[in-house]
Amino acid sequence: MAGRPERGHRCVPHTADVRIEAWAPSREECVAEAVTALVDTFADTSGARTFTDREYRPQAGEDDEDLLVSVLDEVIFRMDTAGELPVRTEVADEDGTVVRWRTATTDDVELVGAVPKAVALHELRFGPDGPGWSCAVTFDV
């Protein structure tokens with residue numbers, strides 16, 4: 001995409017489901033941007049006032065697409081089981097990938113769209129793109 005900022009995301013039209021694109025300078029930053037894009041499709045977290053720090057370590061040895069899916073699936077799982085949503089995400093490669101989230105409860109955010117139920121593997125894309133990384137992901141709602 002010509003003229004796009006170094007880091008960002010957008011929701012793209014898709015029949016019946018939700019599809020996002022995200023991009024950033026590095027693999028880890030692109031995963032973090034995809035998490036933000038996912039949450040932005042259905043929640044307004046700007047009113048959140050209470051936060052908890054969480055950490056997630058995906059399985060070692062996952063390829064790039066598996067890593068992305070694992071992290072996004074974990075966001076959906078934690079929302080469903082613990083009522084938490086990330087309001088800030090950091091991903092680092094520290095002897096394996098580690099994801100750190102600042103989370104808010106779902107009671108503390110405003111739902112503004114269809115809540116995702118799962119990551120769809122159809123047309124999943126994640127990899128190097130020019131000087132950075134990009135991804136495209138569809139979510140079942």
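Tabulated data
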read-out	value
Cα centroid separation, region 26-63 to region 115-141 (Å)	14 Å
Region 1-42 residues near the modelled T81 label - backbone nitrogen below 20 Å, point 7 Å along Cα→Cβ	35, 39
Per-peptide average of other Cβ atoms within 10 Å, ordering 71-77, 126-132, 28-34 highest first	28-34, 71-77, 126-132
Within a Gaussian network of the chain (alpha carbon springs, distance under 10 Å), most fluctuating of S70, S46, S26	S46
Residue-wise HN-Hα coupling along region 107-114, computed from phi with Karplus coefficients 6.51, -1.76, 1.60 (Hz; x: Gly, Pro)	6, 9, 10, 9, 7, 10, x, 5
Label-reachable residues, region 106-132, where backbone N falls under 16 Å from a point 7 Å from E62's Cα toward its Cβ	118-122, 124-127
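Every number here is computed from the coordinates shown, using simple stated rules; none is lab data. Treat the numbers as computed from the prediction; the structure is a model and nothing was measured. Reconstructed Cβ throughout: ideal geometry from the backbone, glycine too, with neighbour counts over all protein chains shown.
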